[in-house]
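Submitted below is the structure of interest, expressed as structure tokens.
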Protein chains: 2
Amino acid sequence: MSTQPLFNVAVVGATGAVGEQILKQLAERNFPIAKLKLLSSARSAGTKIAFRGESYTVEEAKPESFEGVQIALFSAGGDVSKALIPHAVRHGAVCIDNTNAYRMDPETPLVVPEVNIDMVSEHKGIIANPNCSTIQMVAALKPLYDRYGISRIIVSTYQAVSGAGARAIDEMLRQSGEVLAGNDPKPDILPVGSLPVKHQIAFNAIPQIDKFQDNGFTLEEMKMIRETKKIMNDESLEVTATCVRIPVVYGHSESVYVELKQDFDVAEIKSLLSDSPGLVLVDDPENQRYPLATEAAGKNEVFVGRVRRDLSNPRALNLWIVSDNLLKGAAWNAVQIAEHIAQRQP
Amino acid sequence: MSTQPLFNVAVVGATGAVGEQILKQLAERNFPIAKLKLLSSARSAGTKIAFRGESYTVEEAKPESFEGVQIALFSAGGDVSKALIPHAVRHGAVCIDNTNAYRMDPETPLVVPEVNIDMVSEHKGIIANPNCSTIQMVAALKPLYDRYGISRIIVSTYQAVSGAGARAIDEMLRQSGEVLAGNDPKPDILPVGSLPVKHQIAFNAIPQIDKFQDNGFTLEEMKMIRETKKIMNDESLEVTATCVRIPVVYGHSESVYVELKQDFDVAEIKSLLSDSPGLVLVDDPENQRYPLATEAAGKNEVFVGRVRRDLSNPRALNLWIVSDNLLKGAAWNAVQIAEHIAQRQP
């Protein structure tokens with residue numbers, strides 16, 4: 001529309017797996033961009049990237065890169081966010097941060113648009129994008145939370161390697177080829193790039209995503225626990241998580257047990273889920289239809305199925321929740337927030 | 001030993017994936033065999049199989065095949081067990097059945113030696129071997145059940161394709177090669193061979209193992225729920241299961257949340273698990289050590305790790321349980337039962 005104001009937008013981490021998807025979403029959504037700045041580490045600076053038919057040269061991200069920038073989308077790792085976001089804020093940019101750097105900062109809203117878009121207005125220059133495995137779970141559970149109340153969540157995840165970056169995808173595919181050729185696969189990135197011990201991911205399941213904490217949970221598990229409470233704005237919510245990496249390229253799957261605070265009807269739950277924005281109910285056991293990572297890949301929605309009342313606890317429900325971890329789990333959620341900011345500003 | 005009595009043993013389904021492992025276990029354990037009979041469907045009859053350096057010809061399994069047989073191990077599908085086990089029993093054989101045919105029959109003991117070996121003495125000719133995903137879970141939980149009591153179990157599984165037979169392994173490896181070559185993989189067996197809809201298993205997670213029941217759970221999930229109660233001899237035990245097939249060849253992994261009836265100390269739990277026969281504690285987060293399917297493959301033990309107290313329920317514990325589904329989950333558990341029978345008989 002001709003009256004739509006345009007914005008100077010920066011994408012930090014433009015050459016990464018999530019940065020690539022952010023640019024794709026900005027283009028597809030026809031985001032109102034006046035000037036686009038693509039930023040990265042010194043190593044990737046100079047890379048040429050096409051956006052809406054124009055070629056952009058990626059520049060090294062520096063404190064002064066944010067002069068004149070109004071909206072900055074960060075996905076270049078927590079250290080980069082910590083170092084540069086204060087400068088971007090100083091220059092007047094609203095920063096949407098896709099890393100763990102500010103998520104639990106009490107001053108920073110942690111936003112999933114379908115759950116708590118109103119929190120955006122409380123930002124002090126930074127809005128945090130939650131962890132991928134958290135986003136899809138809270139998006140699916142929010143309609144149930146609002147209607148019945150939720151007292152407890154127990155989740156086990158089946159997470160794609162793309163969550164660990166492009167090099168982890170390459171490693172998993174390479175190892176798969178090595179196993180098929182009858183050779184011993186050489187692990188060199190997963191489970192955690194910065195830690196010394198590596199495990200084979202091809203044809204395996206690794207119950208470690210991110211570093212172990214003193215309580216025996218991994219950081220990924222603690223992110224799911226803490227972020228869910230913060231996004232739902234309910235510290236009384238009981239959350240247990242076990243996070244597992246499996247040999248899938250795109251799409252996290254989650255087996256979720258949830259205790260509701262009121263009696264419910266399964267048919268009502270299903271219609272509630274299928275009527276909620278951003279959710280797609282895929283639940284037809286007779287025709288063997290349920291959400292699958294391969295079918296969720298490349299789509300923005302969160303897919304929910306295997307909806308069934310628990311057999312031992314009549315107030316509990318079991319669900320299977322699947323979404324593309326790079327899209328709703330990262331790029332699409334961030335661009336949704338950016339769209340909201342763009343619409344709010346005069 | 002020279003005084004050890006010898007037994008006439010029949011293996012039904014000798015050419016299948018589990019039958020092959022049963023023969024391997026009988027040979028490795030130097031089982032006291034007088035005469036060995038290898039039986040199969042008409043289609044596989046005539047196959048030659050080497051056992052302890054001798055060549056055996058597989059015969060078609062028929063009602064009269066069991067004359068003179070003292071111990072018969074069945075793993076040729078539920079229909080074969082239902083059709084032939086009554087004849088084997090009539091001929092005086094003790095049948096160890098690895099199918100679902102008799103597991104929930106109130107007359108038939110359902111046995112995991114580490115849990116309820118005493119039930120063997122109550123057999124009326126048939127002893128049922130539980131489902132693979134059940135066996136490893138109850139074996140790991142039994143020491144906790146005895147020491148603290150268990151009120152509730154919530155399990156999500158990560159199950160290997162070998163549980164669906166040799167053709168499912170072939171399919172998964174073939175599909176993986178097709179994806180790596182950039183082609184669309186053609187599914188034709190999984191999730192359930194006898195049902196019309198097929199899904200890609202390579203680089204995917206399929207939340208369906210066996211057929212759906214009217215309550216929305218799959219038969220595999222109902223097996224875990226019902227068999228766990230029967231083996232633990234505790235109908236009050238609350239069990240919830242979500243069973244998922246993932247692209248792993250050998251070794252089922254399980255994320256298990258368990259509520260105990262008494263307070264516990266995590267260090268005490270760990271020493272209890274590591275002192276229990278058949279269990280191996282692999283739990284050293286600092287050195288990134290936990291059970292892995294690739295490391296459990298080919299081993300008879302059940303591996304337990306990621307032992308941690310729940311953060312919201314101090315009486316609850318989270319565990320990661322891994323075992324080779326063809327060994328402890330099938331062949332080894334059956335041969336353990338056969339050994340027990342051999343030792344009890346004069």
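The values are calculated or read from the model by the stated rules, or taken from the named source; none is laboratory data. Because the structure is a prediction, the values reported are computed rather than measured. Because the Cβ atoms are built from the backbone with ideal geometry, glycine has one as well, and the counts that use them run over all protein chains shown. Side chains are part of the model used for accessible areas, which takes the heavy atoms of the whole protein and leaves out ligands, DNA and RNA. Shrake-Rupley method; radii C 1.70, N 1.55, O 1.52, S 1.80 Å.
So, residue A:86, is that one farther than 13 Å from residue A:336 by Cα and not in a loop (DSSP other than H, G, I, E, B) or not?
Details: farther than 13 Å from residue A:336 by Cα: yes; not in a loop (DSSP other than H, G, I, E, B): yes.
For residue A:86, the condition - farther than 13 Å from residue A:336 by Cα and not in a loop (DSSP other than H, G, I, E, B) - is met.
Taking into account only those residues within the stretch A:129-177 that are crowded, with 23+ Cβ neighbours inside 10 Å and touching a Phe, Trp or Tyr at 6+ places or on another chain (Cβ under 6 Å), which is nearest to the other protein chains (Cβ to nearest Cβ)?
Filtering the stretch A:129-177 for residues that are crowded, with 23+ Cβ neighbours inside 10 Å and touching a Phe, Trp or Tyr at 6+ places or on another chain (Cβ under 6 Å), the one nearest to the other protein chains (Cβ to nearest Cβ) comes out as A:154.
Quick one: residue B:234 ticks every box in (1) within 18 Å of residue B:146 (Cα to Cα); (2) surrounded by fewer than 22 Cβ atoms within 10 Å (Cβ to Cβ); (3) away from every other protein chain (no Cβ under 13 Å) except a single one, so which number is it?
Looking at each condition in turn, residue B:234 falls short on (3).
Just the residues that are without any contact (Cβ under 8 Å) to a residue 40 or more places away in the chain and more than 10 Å from chain A (Cβ to nearest Cβ), please, taken from the stretch B:288-299.
B:299
Six or more apart or on different chains, Cβ under 6 Å: which pairs go from a residue in the stretch A:155-180 that's free of Cβ contacts under 8 Å to residues at least 24 places away in the same chain to one that's surrounded by fewer than 19 Cβ atoms within 10 Å (Cβ to Cβ)? Could you list them?
A:177/B:180; A:180/B:177
Somewhere in the stretch A:211-219, is a residue more than 10 Å from chain B (Cβ to nearest Cβ) and out of contact with any helix residue (DSSP H, G or I) (no Cβ under 7 Å at 6 or more places or on another chain)?
Yes - at least one qualifying residue is present in the stretch A:211-219.
Sort out which residues of the stretch B:260-291 are crowded, with 17+ Cβ neighbours inside 10 Å and of a type in the set (D, E, K, R), and write them in order of number.
Matches in the stretch B:260-291: B:283 only.
Then there is this: Anything in the stretch A:26-49 that is touching a residue at least 40 places away in the same chain (Cβ under 8 Å) and surrounded by fewer than 23 Cβ atoms within 10 Å (Cβ to Cβ)? List them, or say none. So that I can check it myself, show each step before the final result.
To start, the set of residues in the stretch A:26-49 that are touching a residue at least 40 places away in the same chain (Cβ under 8 Å) comprises A:26, A:29, A:31-32.
Passing the criteria: A:29, A:31, A:32.
Is there any pair with a first residue in the stretch B:8-25 that is under 13 Å from residue B:324 (Cβ atoms) and in contact (Cβ under 8 Å) with a residue 12 or more places away in the chain and a second that is of a type in the set (Val, Ile, Thr) and buried (at least 22 other Cβ atoms within 10 Å of the Cβ) whose Cβ atoms are under 8 Å apart and which are 6 or more apart or on different chains, and what are they?
Between residues of the stretch B:8-25 that are under 13 Å from residue B:324 (Cβ atoms) and in contact (Cβ under 8 Å) with a residue 12 or more places away in the chain and residues that are of a type in the set (Val, Ile, Thr) and buried (at least 22 other Cβ atoms within 10 Å of the Cβ), the close pairs are B:25/B:335.
Taking the stated definitions as given, is residue B:211 open to solvent by 50 Å² or more (accessible area, probe 1.4 Å), within 24 Å of residue B:136 (Cα to Cα) and not polar (S, T, N, Q)?
Details: open to solvent by 50 Å² or more (accessible area, probe 1.4 Å): yes; within 24 Å of residue B:136 (Cα to Cα): yes; not polar (S, T, N, Q): yes.
When the stated conditions are applied, residue B:211 passes them.
Does any residue of the stretch A:73-85 turn out to be open to solvent by less than 40 Å² (accessible area, probe 1.4 Å), in contact with a Ser or Thr (Cβ under 6 Å, 6 or more places away or on another chain) and closer than 24 Å to residue A:6 by Cα?
Yes, some residue in the stretch A:73-85 is open to solvent by less than 40 Å² (accessible area, probe 1.4 Å), in contact with a Ser or Thr (Cβ under 6 Å, 6 or more places away or on another chain) and closer than 24 Å to residue A:6 by Cα.
When residues of the stretch B:308-340 are filtered for being assigned to a strand (DSSP E or B), within 7 Å of chain A (Cβ to nearest Cβ) and in contact with an Asp or Glu (Cβ under 8 Å, 6 or more places away or on another chain), how many remain?
The total comes to 2.
Go through the stretch B:269-287 and count every residue that is away from every other protein chain (no Cβ under 13 Å) and in a loop (DSSP other than H, G, I, E, B).
4
Go through the residues of the stretch B:238-247 one by one and say whether even a single one is within 13 Å of chain A (Cβ to nearest Cβ), buried (at least 23 other Cβ atoms within 10 Å of the Cβ) and within 26 Å of residue A:196 (Cα to Cα).
Yes, the stretch B:238-247 contains a residue that is within 13 Å of chain A (Cβ to nearest Cβ), buried (at least 23 other Cβ atoms within 10 Å of the Cβ) and within 26 Å of residue A:196 (Cα to Cα).
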